[in-house]
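The values are calculated or read from the model by the stated rules, or taken from the named source; none is laboratory data. Predicted model only: the values in this text are computed from it and were never measured. Cβ placement follows ideal geometry from the backbone for every residue including glycine, while neighbour counts extend to all protein chains displayed. The area values use the complete protein model at the heavy-atom level, side chains included, leaving out ligands, DNA and RNA. Shrake-Rupley method; radii C 1.70, N 1.55, O 1.52, S 1.80 Å.
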Amino acid sequence: MRKLSITQLNEIRDHFRTFLKNQGLRETRERLLILESIYDAHGHLDADEMHHILREQGHAVSRATVYNTLNLLLKCDLVVRHQFGNAPAKYEPSYLFGQHDHLICLDCQKVMEFCDPRIQSIQDMVADTYSFEIKRHALNLYGHCNREECVNRSAPQPTT
């Protein structure tokens, strides 16, 4: 995931503050901490992982506050939620980030991001064909990675 500039981070904070104000909700230190933590994180986090990170950093944020804030961030399009198989839902930043897709290892559950411009071309063609305005898409490919550190990886099957 790319590093954001101070200007971009301020834009993200302002977007969230405006959303909270428009919804009649308070801007709290905890909500801003959760927003900043998800944008600082590398990779995809579930709510419990986010809660654990915040607690390790010395922030007294309840698990309920994490879940509730993630739902607010979803509503204002600052994060996206992914359900990779049976694993807990994962969240990642979406504001100012381009479209990307995922490879998910069935053995170690590692999620790898990739971007292929051909997918965007296909999406554009489908949108034109069906007169449809696509806001976002999700492409998740499941399989077995070949990384040495892949836990639970099945031993290669002998060929006959």
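What angle, in degrees between 0 and 90 and rounded to the nearest 10, separates the Cα long axis of helix 63-75 from the longest principal axis of the Cα atoms of the chain?
80
Roughly speaking, what is the stretch gain from residue 86 to residue 52, that is 0.36 nm per residue apart minus the C-alpha to C-alpha distance, in nm to one decimal?
10.2 nm
Compute the angle between helix 6-22 and the longest alpha-carbon principal axis of the chain, please, reported from 0 to 90 degrees and rounded to the nearest 10.
70
For the chain, give the percent of accessible area contributed by carbon and sulfur heavy atoms, probe 1.4 Å, rounded to a whole number.
With neighbouring chains kept in place, the figure for the chain is 51 percent.
Just how many % of Cα pairs in segment 3-83 lie over 16 Å apart, if you round to the nearest whole percent?
Tail of P(r) above 16 Å: 48 percent of Cα pairs.
Normalise the Cα radius of gyration of the chain by 2.2 N^0.38 Å (N = residues in it) and let me know the number.
Normalised Rg, Cα atoms only: 1.22.
Accessible area per residue, 1.4 Å probe, Å², for segment 21-137: what's the number? Intermediate results must be reported in sequence, preceding the final value.
Working: 7110 Å² over 117 residues.
Ligands and nucleic acids excluded, the result is 61 Å² per residue.
To the nearest 10 degrees, how steep is helix 47-56 against the longest Cα principal axis of the chain, on a 0 to 90 scale?
The two axes meet at around 60 degrees.
Please figure out what share of the DSSP beta bridges in the chain is antiparallel and state it in percent, rounded to the nearest 5.
70
Taking the alpha-carbon distance from residue 110 and a cut-off under 29 Å, which lysines remain once sequence neighbours fewer than 8 residues away in the same chain are dropped?
Cα-Cα hits under 29 Å: 3, 75, 90, 135.
Be a star and scan segment 22-58 for residues whose amide nitrogen sits under 11 Å from the point 7 Å along the Cα-to-Cβ vector of residue 68.
Answer for this model: 26, 28, 31.
Between segment 116-147 and segment 45-88, what is the C-alpha centre distance in whole Å?
Value for the Cα centre distance between the two parts: 26 Å.
Return the long-range amide H neighbours of residue 79 (sequence gap of 5 or more, or a different chain), with a cut-off of under 5 Å between placed amide H atoms.
Distant-sequence amide H within range of residue 79: 74, 94.
Extension gain residue 8-residue 123, at 0.36 nm per residue separation less the Cα-Cα distance, in nm?
Contour length minus Cα-Cα distance gives 38.7 nm.
Taking Cα pairs under 8 Å and at least six residues apart, what relative contact order does segment 25-122 come out at, in percent?
22
For the charge dipole of segment 7-160, defined by +1 on Lys and Arg C-beta atoms and -1 on Asp and Glu C-beta atoms about the Cα centroid, which residue among 143, 132, 67 has the Cα displaced farthest towards the positive pole?
67
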